[in-house]
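K.L.:
The structure's right below; bear with me while I get my questions together.
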Amino acid sequence: MSKIIALSVAMLIFTISMAFAVPPGKVLKWECEEGVVVFSGSKHAGNGIKCTQCHIEVFRMKRGENKMTMAELNEGKFCGACHNGKTSFSTSDERYCAKCHIK
């Protein structure tokens with residue numbers, strides 16, 4: 001019985017940590033050729049998007065495994081799966097570059 005309780009607690013901790021991988025108020029940043037890219041988990045969650053909508057089918061869960069290029073985004077891969085001009089603003093529309101890229 002104690003193994004079941006321990007497993008349940010471990011699963012609960014794992015689930016909670018995954019739910020707050022990008023907690024409210026935190027922004028992920030990384031360097032690319034076009035400048036620094038920012039990702040706001042709270043902005044996406046505020047628009048009703050759940051983490052599982054993008055993870056695991058669009059993005060891998062391990063940090064550093066998602067090497068992206070603008071060409072891939074514009075082909076509908078990674079962020080471009082939703083940022084296609086239909087679901088959300090298009091990654092290929094230069095008017096929106098500053099929504100993700102900062103200089």
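K.L.:
Could you grab me the full set of residues in the range 24-33 that are open to solvent by 80 Å² or more (accessible area, probe 1.4 Å) and not in a strand (DSSP E or B)?
P.N.:
Those that are open to solvent by 80 Å² or more (accessible area, probe 1.4 Å) and not in a strand (DSSP E or B): 24, 26, 33.
K.L.:
Pairs, please: C-beta under 6 Å, at least 6 apart or cross-chain, first residue closer than 17 Å to residue 84 by Cα and in the range 49-61, second polar (S, T, N, Q) and modelled with pLDDT under 85?
P.N.:
Hits for this filter: 59/66.
K.L.:
What residue, among those in the range 61-103 that are farther than 19 Å from residue 27 by Cβ and in a helix (DSSP H, G or I), is least open to solvent (accessible area, probe 1.4 Å)?
P.N.:
Restricting to residues being farther than 19 Å from residue 27 by Cβ and in a helix (DSSP H, G or I), the top hit is 80.
K.L.:
Report every pair of residues separated by at least 6 positions or lying on different chains whose Cβ atoms are under 9 Å apart, first residue within the range 86-100 and of a type in the set (S, T, N, Q), second outside any helix (DSSP H, G or I) and open to solvent by 80 Å² or more (accessible area, probe 1.4 Å).
P.N.:
88/47
K.L.:
Mind telling me which of the residues 72, 57 ends up being in contact with a helix residue (DSSP H, G or I) (Cβ under 9 Å, 6 or more places away or on another chain), within 17 Å of residue 88 (Cα to Cα) and of a type outside the set (Phe, Trp, Tyr)?
P.N.:
After ruling out the rest, the residue left standing is 72.
K.L.:
Let me ask something else about it. Within the range 44-60, take every residue that is polar (S, T, N, Q) and in a helix (DSSP H, G or I) and give me the one that is surrounded by the fewest Cβ atoms within 10 Å (Cβ to Cβ).
P.N.:
The qualifying residue surrounded by the fewest Cβ atoms within 10 Å (Cβ to Cβ) is 52.
The values are calculated or read from the model by the stated rules, or taken from the named source; none is laboratory data. None of the values given here were measured: they were computed from a predicted structure. Counting neighbours? That spans all protein chains shown, and the Cβs are built from the backbone with ideal geometry, glycine included. Keep in mind that these areas ignore ligands, DNA and RNA; they rest on the heavy atoms of the full protein, side chains included. Shrake-Rupley method; radii C 1.70, N 1.55, O 1.52, S 1.80 Å.
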